[in-house]
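**Student:** Right, I'll just put the structure down here and ask away after.
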Amino acid sequence: MERYACGLRELKIAGADGAMTFSGYGAIFGIVDWYGDSIKPGAFTNTLAEAKASGQWPSMLLQHGFTSDMDMPIGIWTDMHEDSLGLFVEGKLAPTERGQEAYALLKMEPRPAINGLSIGYRVVHSTPRINPEDPKRTLTEIWLGEVSLVTFPANLGARVHSVKSEFTERAAEQALRDAGASRTEAKTILAKGFKALSLRDADDEGEDQTQQQIAAELVELYRRNTATLIA
């Protein structure tokens, strides 16, 4: 089983039924991870279809099972799908000692003690590097076995960006800056909305279209979280 790590994008505080839920991205398309791999959109299509048809979904583990409890799940995934950014996942932690411990670590202030997501998978199809600047491998089809909460994600820029009950403008500004926006741009986006700021040219300040796309997705996530809070 191979690993690809990302980070949580949202943490939802327990609802009326006491559920400990959270959501984020198990993988982000087009980003080269520590191991030199990049995942192509559509790579999860078949494995997700098989999981939903059979009812046998990928497991939710802690640290890929590299703990004293080995492969004992800490909860279940309630939603998995691809969007324009990557593999979106939403899950519910079990009301067990380990599930409650993980939830407490996710909610810690002033920063979460754990905030990474990582997938455990097998490569079905991939294409090797052709040019020196290409990823070592581009993964075009993946069999997904599990998605874990982890301490050390490979994509260090992907972190928890909102806690539903304590989502502040300062946290949103930092999230936008983590996604590639300057301080001025982040403040402008929050003050006037994303449409008030024209996207920079791909060559401006050395940033590329991938960073701009991630920033745009983050803004949309911020909008959804803000709408939820207002409602």
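All of the numbers you see were taken from the coordinates with simple rules; none came from a lab. None of the values given here were measured: they were computed from a predicted structure. Cβ coordinates were reconstructed from backbone atoms using ideal geometry, including for glycine residues, and neighbour counts include every protein chain displayed.
**Student:** Most exposed first by the Cβ proxy, i.e. fewest other Cβ within 10 Å, how do Met1, Met20 rank? The partial results should precede the final answer.
**Tutor:** Working: Met1 11, Met20 23.
Taking fewest neighbouring Cβ atoms as first place, the list is Met1, Met20.
**Student:** While we're here: For Lys52, Lys92, what ranking results if the residue with the fewest other Cβ atoms within 10 Å of its Cβ goes first? Write out the running numbers ahead of the final one.
**Tutor:** Numbers: Lys52 12, Lys92 17.
Arranged by neighbour count, lowest to highest, Lys52, Lys92 become Lys52, Lys92.
**Student:** Among Arg137, Arg183, Arg111, rank each residue by its count of other Cβ atoms within 10 Å, from fewest to most, as a rough exposure measure. Display every interim value, and only then the final one.
**Tutor:** Numbers: Arg137 17, Arg183 11, Arg111 8.
Taking fewest neighbouring Cβ atoms as first place, the list is Arg111, Arg183, Arg137.
**Student:** Run the count for the range 2-150, please: Lys pairs, Cα-Cα under 15 angstrom, 8 or more apart or on different chains.
**Tutor:** Details: Lys12/Lys92; Lys12/Lys107; Lys40/Lys136; Lys92/Lys107.
Taking the Cα cut-off of 15 Å, the pair count is 4.
**Student:** For Leu117, what residues show an amide H to amide H distance below 5 Å, using hydrogens built from the backbone and excluding near sequence neighbours?
**Tutor:** Residues meeting the amide H criterion: Cys6, Gly7, Leu8, Val150.
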